[in-house]
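The values are calculated or read from the model by the stated rules, or taken from the named source; none is laboratory data. The structure presented is a predicted model; accordingly, all values stated were derived computationally and were not measured. Don't worry about glycine lacking a Cβ; one is built from the backbone with ideal geometry, like all the others, and counts go over all protein chains shown. The accessibility values were calculated without ligands, DNA or RNA, using every heavy atom of the protein model including side chains. Shrake-Rupley method; radii C 1.70, N 1.55, O 1.52, S 1.80 Å.
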Amino acid sequence: MRILLTTILILSLATLGLGQLFDTTTYHKDLSSYVKVDDVLHMRFNKTNEDTLLKFGHRIQDAFIGTPISLHTGRIASPSKPLEYQTPTTDQFQLSTPLFGNWFYNPDSLVYHQSQTPRTDLTYAQGTGNLLHLAASHSQNISSNWSFGLIYNRTKSHNLFHNNLPAFNQERMTNLFSTGVYSHFYTPNRKYEVFANFINSKNTVKETFGITNPEEFDQLSGRAKTFAGEANFYDASNLFIDRTWSVTQFFRPGKRTIQINDTTIGPDTNTSNITAQWFHQFRYRRHINRFTDGDPNIDLFPTRFVSLETHDSIFHSVLSNKIGKAFHVKSMLTKIWMLHEAIQVKQHYFHTSSFNHVRFGGDVNKSVKNSTHYVYAHGSALGYYSGDFKGLYRFESLLNRIDLHSEVSLTRRRPDYNEQFFGSNNYYWNKSLNRTLTSQVAGRISNKKSTRALNVDFYDIDQFVYYDSTGVAQQLDDHVQYLRANAVFQFRLGSSWYWKNRVTYQWTSNKVLALPAVSVKTRLYKEGYLFNKNMWARIGVDVQYFTPYTGTTYNPIVRQMTLSNKEIGGFPIVDVFINSEVRSMELYVSTHHIAQGYFINDSFMASDYVFIGRTFQFGVNWRLFD
């Protein structure tokens, strides 16, 4: 405790010293802007100014109120899954449900920066539990119409509660890299434009399969837990690698009006007269997943199909080409496209599969006064996904004080590949599963600033696929209904206090869709100048809570969240934080899960997986621009 208080005091004095040395006037030139491929695809050509205001840097994953609580295995950068039902992807081949979506860079959400001067952003964080987080990004313009950038993320962490692992004090239980390079180019008349990127992500995860005796472990407190955390697995790990090469090109017929602009970030082309464009997206994805276990636990898994030691590998690669056209007709934007994917899957010792599929689709977006109508549809006519389809209609009405959104959809989808075919040293199945039919009805009402919003979603899922408590994929020959109501409300208390909340209620008709009935996220903080207006800061608390339910755990062999017979949840996760800003530098300190040990069964997140417990971290973010 004295170490924690001393560290906070040192950081506060250091921040105060910086505030006295530098001018702390809060101004932001916003010289850096960015574009996204999806915006250009929808013929939105305006650049977005980068937000350089103080962020909540004490959270490595910053989206707090906007995202649901994630169920994970007790470590940063570990496998995780939202505690809400999310519909599986339908726009590309998927081997299985991805569990590192929050940690790996995604080519579809990549932003392409453009700035008058070189832009560099650095983030460093360190904390107990051997946490180390380093993120960096750099971008600059080669010319007014050509830019490139680099992104880098390094995150590793530990969990002190597994004392039978080899060299557990030194070995990182999660060791993640995610890097990328990108470039954006267009001709002066904007008739041709191209976005290209390469992303390489890798995570080595030390697997434990949870604590051997969780009931006995939970009765202990303090340092005694460190010497009683014997894990079910002794020498097992998963290696996850994702590599993606992506090139998206646009060709726009017709004449262009060119205007001279002396800045390096302002466009030289008037884009308002672009009424149509052809687009082509080439993408190659390669995924490698290797599970190794030098000392298998035969009490848990007596069956071994291949050898005494386990070396399971899954490789899959996807080569895709998507071509289409987007065009404006008055207030209506229409897109039509065709997608072809060539897929190869290899599961070591078991089987290799190669197949193709072709999908056709399109959407129409029409604006009428203060309302928007959106229709989307796709269907797979040939190959692996033949017979799949999706149809969606969305209506948005922007009234004087509130915004209304409604949506209905119907999706028919073949289950993920590993839900049908899976081979390993301990598991094997080859199943012929029916297609899942999902119907959805959704509505949303919010105020203009989205500080208060209510979302209601209802799903009816026929032939739902899940992983049972033994880790085997199963299909329910029945319907599952799911209802979710999610409320977000934010208040300003006085001149400098803010209170933000996210409350979610869920109901399911069958326990195979295991989710907590209620989950809550709340953030209360005060912001403003401190130390005689020498430092801008936020001081506050984050709280997460979900009601007890039975239950979910993680199976590292099938690499999925599975059902469990044990109850989890029912305790708060409380974080206390201080974020401060001096010019373009941000400093922060926080204590995570500060109430650990005061509630029953508050050591576990997923069943039998020990939460890292009370931890402390500090970090800095430095923008070398603005």
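Some observations on this one:
- Test: residue in the range 182-198 that is within 22 Å of the chain's Cα centre (by Cα) and under 30 Å from Glu567 (Cα atoms): no
- Looking at the range 508-626, the strands (runs of 3 or more DSSP E) lying wholly inside it that each contain 2 or more residues that are among the hydrophobic types (A, V, I, L, M, F, W, C) sit at 518-530, 535-546, 560-568, 573-582, 585-592, 615-623.
- Any chance Phe421 is in contact with a Phe, Trp or Tyr (Cβ under 8 Å, 6 or more places away or on another chain) and among the aromatic types (Phe, Trp, Tyr): yes
- When restricted to residues that are more than 28 Å from Ile314 (Cβ to Cβ) and of a type in the set (Gly, Ala, Ser), the range 531-571 contains 4.
- Per the listing Leu433, Leu399, the residue uniquely touching a residue at least 24 places away in the same chain (Cβ under 8 Å) and closer than 30 Å to Gly551 by Cβ is Leu433.
- Residue match in the range 555-562 (condition: closer than 27 Å to Lys81 by Cβ and open to solvent by 30 Å² or more (accessible area, probe 1.4 Å)): no
- Total residues in the range 159-192 satisfying the condition of being modelled with pLDDT of 75 or more and among the hydrophobic types (A, V, I, L, M, F, W, C): the figure is 6.
- Test for Asn400: is it modelled with pLDDT under 95 and either of a type outside the set (A, V, I, L, M) or open to solvent by 30 Å² or more (accessible area, probe 1.4 Å) (or both): yes
- The range 531-551, subset at pLDDT 85 or above and open to solvent by less than 20 Å² (accessible area, probe 1.4 Å), residue farthest from the chain's Cα centre (by Cα): Ala537
- Of all the listed residues (Thr123, Thr97), the sole one being open to solvent by less than 50 Å² (accessible area, probe 1.4 Å), of a type in the set (Val, Ile, Thr) and closer than 29 Å to Ile612 by Cβ is Thr123.
- Against the test of being under 23 Å from Val576 (Cα atoms) and aromatic (Phe, Trp, Tyr), the options Phe93, Phe64 yield a single qualifying residue, Phe64.
- Taking the criterion of being touching a His at 6+ places or on another chain (Cβ under 7 Å) and among the aliphatic types (A, V, I, L, M), the only residue of the range 369-427 that qualifies is Leu382.
- For the range 32-53, the set of residues classified as in contact with a helix residue (DSSP H, G or I) (Cβ under 9 Å, 6 or more places away or on another chain) and open to solvent by less than 40 Å² (accessible area, probe 1.4 Å) consists of Met43, Phe45, listed by residue number.
- Any chance Ser307 is closer than 30 Å to Thr275 by Cβ and open to solvent by less than 60 Å² (accessible area, probe 1.4 Å): no
- Among the criteria (1) assigned to a strand (DSSP E or B); (2) without any contact (Cβ under 8 Å) to a residue 40 or more places away in the chain, the one Lys449 does not fulfil is (1).
- Residues in the range 486-530 that are more than 20 Å from Leu563 (Cβ to Cβ), open to solvent by 40 Å² or more (accessible area, probe 1.4 Å), in contact with a strand residue (DSSP E or B) (Cβ under 7 Å, 6 or more places away or on another chain) and of a type in the set (Ser, Thr, Tyr): Tyr498, Tyr505, Tyr529.
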